[in-house]
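What follows is one structure encoded as structure tokens, with my remarks underneath.
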Ligand SMILES: [Zn+2]
């Protein structure tokens, strides 16, 4: 392991430990049922939550390092039971740097019905570029969950998939982006649920969804400022 990879692992263990507190802050998880991982750039490694450790006890030292087959490489604890799914996503999608899994209530209620979330909100168009899709039912253990995530999200704008009868998996260029997608997915799922309960949501034009998505992905937020010329 090079010095650079060791340094990246140290930083990512800190980051991933800290990001788990966002799952509790936004009430996306009950007990220990949710996890964050990050790819270690320039290596075939990932860092991920240990299995069954409560969020209050997560520190950088408890976060474990696995290879992209999900085999433990460094750490004192067993990796998350969802490690195989995270590892499969990293193997199949080289652009992905972070993966998050939750059973957040509203989004998982859509997953329980096997229904994708149609795009009726500008916030959903911004972050997800359209519907949040449903993935297949898959049992935990082998590569089936990972295969279902990749088959659904490859070529799709949405960074979130609702795995049928299970819960949410999100991807991002890094772990923070995947956590943000998990937070936004639950927010959109809650509003969509309320809108449906109150009546029939009003459709949005595809051209408007496309315009919102393009603007948010390319223009929104703090852009690098060009140095002033004298
Ligand atoms: Zn799960």
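The values are calculated or read from the model by the stated rules, or taken from the named source; none is laboratory data. The model shown is predicted, which means the values in this text are computed figures rather than measured ones. Methodologically, a virtual Cβ is constructed for each residue, glycine included, from the backbone with ideal geometry; neighbour enumeration extends over all protein chains shown.
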- Message: Just the residues that are away from the ligand (no atom under 13 Å from the Cβ) and surrounded by fewer than 24 Cβ atoms within 10 Å (Cβ to Cβ), please, taken from segment 161-178.
- Response: 172, 173, 174, 176, 177
- Item | Those strands (runs of 3 or more DSSP E) lying entirely in segment 45-105 with at least 3 residues closer than 27 Å to residue 117 by Cβ | 98-102
- Condition check for residue 89: surrounded by 16 or more Cβ atoms within 10 Å (Cβ to Cβ), under 18 Å from the mean Cα position of the chain (by Cα) and under 22 Å from residue 134 (Cα atoms): yes
- Please tell me if residue 221 is free of Cβ contacts under 8 Å to residues at least 24 places away in the same chain, under 18 Å from the mean Cα position of the chain (by Cα) and in a loop (DSSP other than H, G, I, E, B). no
- Taking residue 154, is it closer than 26 Å to residue 30 by Cα and modelled with pLDDT of 95 or more? no
- Query: Considering 70, 98, which residue is closer than 21 Å to residue 143 by Cα and crowded, with 22+ Cβ neighbours inside 10 Å?
  - Reply: 98
- Number of positions in segment 130-141 that are touching a helix residue (DSSP H, G or I) at 6+ places or on another chain (Cβ under 6 Å) and surrounded by fewer than 18 Cβ atoms within 10 Å (Cβ to Cβ): 2
- Task: Could you check how many residues of segment 136-157 are away from the ligand (no atom under 12 Å from the Cβ) and under 17 Å from residue 97 (Cβ atoms)?
- Result: 4
- Task: Collect the residues in segment 142-170 that are out of contact with any helix residue (DSSP H, G or I) (no Cβ under 7 Å at 6 or more places or on another chain) and either without any contact (Cβ under 8 Å) to a residue 60 or more places away in the chain or in a loop (DSSP other than H, G, I, E, B) (or both), keeping them in residue-number order.
- Result: 144, 148, 151, 152, 154, 155, 156
- Mind checking which residues of segment 106-141 are part of a loop (DSSP other than H, G, I, E, B) and over 15 Å from residue 190 (Cα atoms)? 114, 129, 130, 133, 136, 137, 138, 139, 140, 141
- Query: Out of segment 30-72, which residues are without any contact (Cβ under 8 Å) to a residue 60 or more places away in the chain, more than 16 Å from the ligand (Cβ to nearest atom) and under 21 Å from residue 170 (Cβ atoms)?
  - Reply: 39, 40, 41, 45, 46, 47, 58, 63, 64, 66, 68
- Item | Every pair of residues 6+ apart whose Cβ atoms lie under 7 Å, when the first sits in segment 90-102 and is farther than 23 Å from residue 21 by Cα while the second is in a strand (DSSP E or B) and within 16 Å of the ligand (Cβ to nearest atom) | 93/171
- Residue satisfying all of: in segment 95-111; in contact with a strand residue (DSSP E or B) (Cβ under 9 Å, 6 or more places away or on another chain) and over 23 Å from residue 176 (Cβ atoms); farthest from the ligand (Cβ to nearest atom) among these: 110
